[in-house]
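The values are calculated or read from the model by the stated rules, or taken from the named source; none is laboratory data. The structure presented is a predicted model; accordingly, all values stated were derived computationally and were not measured. Here the Cβ positions follow ideal geometry from the backbone for every residue, glycine too, while neighbour counts run over all protein chains shown. Ligands, DNA and RNA are stripped out before the accessible areas are found, and what is left, the full protein with its side chains, is counted by its heavy atoms. Shrake-Rupley method; radii C 1.70, N 1.55, O 1.52, S 1.80 Å.
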Amino acid sequence: MKKLVIVGRPNTGKSTLFNALTGTRDALVHDRPGVTRDVIGGTIKNRAWTVYDTAGLESAKSGLAADSTDMAVRYVADADAIIFVVDGRAGLTHGDMDWARVVRRAAGRTPIRLVANKTESSRRTAEMDDFYKLGFGAPFPISAEHKRGFDAIFDFIDEIAPIASDTQSDNTDMNTNETTAATLAGIPNRPLHIAIMGQPNVGKSTFVNRVLGQQRQIVRDMPGVTRDTVKIPTRFYGRDIVLMDTAGLRRKAGVTDDVETLSALKALDAIKTADAVILIVDATRNIENQALMIAGRIYDAGRVLCVALNKWDLVPEHERDEKLLKLKHQFANSFHQIIKPMILAISAEKGTGVQNLFKRVYQQCDLAATDAPTSLINRIVEKLVATRQPPMSRLKRPMKIKFARQTGRHPMRITINVGGASDIPESYTRYLRRGLATALGWEHLPVVIEYEKSDNPYGQ
């Protein structure tokens with residue numbers, strides 16, 4: 001795949017352009033400058049191009065702005081084509097001039113196309129002669145918001161890499177907003193989509209960088225660094241995967257900024273498109289209700305969940321057994337959908353436990369994509385019923401279990417055909433769920449038991 005990198009000053013509309021080119025809403029868009037920090041990747045439909053949205057270029061010597069700018073310039077140096085975006089409303093600025101020189105040096109001989117965004121009005125086209133001073137040739141007027149003027153962009157990249165017949169099929173590595181893990185489970189060789197979630201400053205981006213083996217995500221010892229959900233295709237421990245690094249999630253009461261609100265919504269939306277979620281928690285602190293809330297959403301969505309106890313190397317050895325046991329009890333007692341929560345200790349900083357974590361996650365994803373034989377399910381249910389008979393209903397009517405089958409995945413769903421009583425106690429449902437999950441090896445997966453009333457053929 002060819003690499004197209006979008007660069008420019010803050011607030012010129014780069015993220016809006018990225019979303020328009022990819023047909024997604026992956027990049028966070030806000031009127032406030034400097035919202036984008038990490039580099040976000042996506043694919044252009046029907047073209048063998050990966051497009052990258054970068055942070056606005058700023059003249060900062062340190063801090064987040066400097067880190068974001070350095071990363072953007074590194075991507076420029078590795079690009080096959082570059083789009084330099086300027087603000088057609090604001091006109092040419094000293095910042096445009098300064099960063100055009102930086103981009104030109106970093107790009108070398110890589111072709112660059114200059115686009116003047118926010119030029120919805122034809123009156124503005126007469127005001128763009130100044131942009132020739134940037135040295136990128138004629139500025140092409142576009143409106144990313146209204147998707148106008150994109151022919152200039154498509155002509156530009158098609159000259160570099162002409163459209164091939166095999167690019168007509170959609171590439172779903174990163175554009176997964178319109179799909180779910182459930183609908184994609186049957187596609188062969190599809191990379192597993194794994195979301196990395198957790199509260200702020202627990203080490204999510206450090207974990208992602210460890211898996212990638214490079215400084216791909218900005219890491220700072222402060223909360224709220226990651227804002228977008230960044231999807232990164234890679235290969236790790238023998239499998240093709242797409243890592244989704246998400247923004248940290250705080251309690252609603254602690255969120256007063258609308259950008260953080262949008263970031264949180266994007267993070268929660270990642271659950272829908274993930275096959276599995278790795279929930280990072282700080283092992284040096286007590287588990288908080290916010291982490292349990294995130295876990296609850298993941299279980300309710302039927303996704304594979306692995307709780308990663310990060311910074312385990314900082315926990316004193318004499319406290320580890322007790323802490324691990326306490327956390328397992330806390331998770332097991334909080335969620336009825338799960339029999340045995342998968343909780344593993346890691347150190348993202350040192351890399352210990354990371355490969356074992358992915359091995360376990362892969363195993364559970366493969367298991368979650370299978371269907372259990374109906375004959376096996378019925379044999380298990382028969383044994384469970386023989387061991388513990390269903391209780392009588394409030395009307396003193398017995399419940400008769402007639403037939404059971406698997407009717408869904410994500411979560412693993414078992415539908416049981418019953419006759420007689422309709423008010424089946426939750427305690428007996430928990431008994432059946434535990435028995436089925438244990439016998440089928442689904443202890444780490446969310447399991448749902450549903451009942452289907454058997455009609456009486458002699459009833460009126």
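Modelled spin-label separation between His146 and Lys45, with each label point placed 7 Å from Cα along the Cα-to-Cβ direction: 2.1 nm. Ranked by the mean number of other Cβ atoms within 10 Å of their residues, highest first, the peptides 284-291, 319-326 come out as 284-291, 319-326. For Lys2, the lysines whose Cα falls under 30 Å of its own Cα, not counting residues fewer than eight places away in the same chain, are Lys14, Lys45, Lys118, Lys133, Lys147, Lys204, Lys231, Lys266, Lys272. When nucleic acids and ligands are ignored and a 1.4 Å probe is applied, Cys365 ends up with an accessible area of around 10 Å².
Rounded, prolate or oblate: pick one for the stretch 326-391, where a ≥ b ≥ c are the square roots of the eigenvalues of its C-alpha gyration tensor, a/c under 1.5 means rounded, and failing that, prolate if a/b is larger than b/c, else oblate. Numbers along the way, then the final one.
Values: a/c = 4.27, a/b = 1.79, b/c = 2.38.
Judged from the Cα gyration tensor, the stretch 326-391 comes out oblate (a/c at least 1.5, b/c at or above a/b).
The 1.4 Å probe gives accessible areas that order Lys266, Lys133, largest first, as Lys133, Lys266.
3J(HN,Hα) along the stretch 287-293, derived from phi through the Karplus expression 6.51 cos²θ - 1.76 cosθ + 1.60 where θ = phi - 60°, amounts to 5, 9, 4, 4, 5, 5, 5 Hz, with x in place of Gly and Pro.
Projecting the Cα atoms of Ser347, Val315, Met392 onto the charge dipole of the stretch 289-406 (Cβ charges, centred on the Cα centre) puts Met392 farthest toward the positive pole.
Shape verdict for the stretch 360-439, please, from the Cα gyration tensor: rounded (a/c under 1.5), prolate (a/b greater than b/c) or oblate. In terms of gyration-tensor shape, prolate. Solvent-accessible area of His329, all protein chains in place: 100 Å² (probe radius 1.4 Å, heavy atoms, ligands and nucleic acids excluded).
Accessible surface ranking for Asp300, Asp26, 1.4 angstrom probe, highest first: Asp300, Asp26.
Mind running the shape call on the stretch 285-373? Use the C-alpha gyration tensor, a ≥ b ≥ c as the square roots of the eigenvalues: rounded below 1.5 for a/c, prolate if a/b tops b/c, oblate otherwise. Oblate.
Available extension along the chain between Arg89 and Glu382 is 98.2 nm, counting 0.36 nm per residue and deducting the alpha carbon span.
Amide H contacts under 5 Å for Ile83: Val5, Ile6, Val7, Arg113, restricted to partners 5 or more places along the chain or on a different chain, H placed in the peptide plane at 1.01 Å from N. For Ala345, nonlocal amide neighbours, meaning residues 5 or more places apart or on other chains whose placed amide H falls under 5 Å from its own, are Leu309.
In sequence order, the stretch 71-83 has phi-based couplings of 5, 4, 5, 4, 5, 4, 5, 9, 7, 9, 7, 9, 10 Hz under the Karplus curve 6.51 cos²θ - 1.76 cosθ + 1.60, θ = phi - 60°, and Gly or Pro positions carry x.
When all protein chains stay in place and ligands, DNA and RNA are ignored, the 1.4 Å accessible-area order of Arg105, Arg297, largest first, is Arg105, Arg297.
With each label modelled as a point 7 angstrom along the Cα→C-beta vector, the Ile163-Thr429 pair spans 5.2 nm. Given a Förster radius of 41 Å and the C-beta distance between Val315 and Asp240 as r, what FRET efficiency does 1/(1 + (r/R0)^6) yield to the nearest 0.05? Between Val315 and Asp240 the formula returns 0.80.
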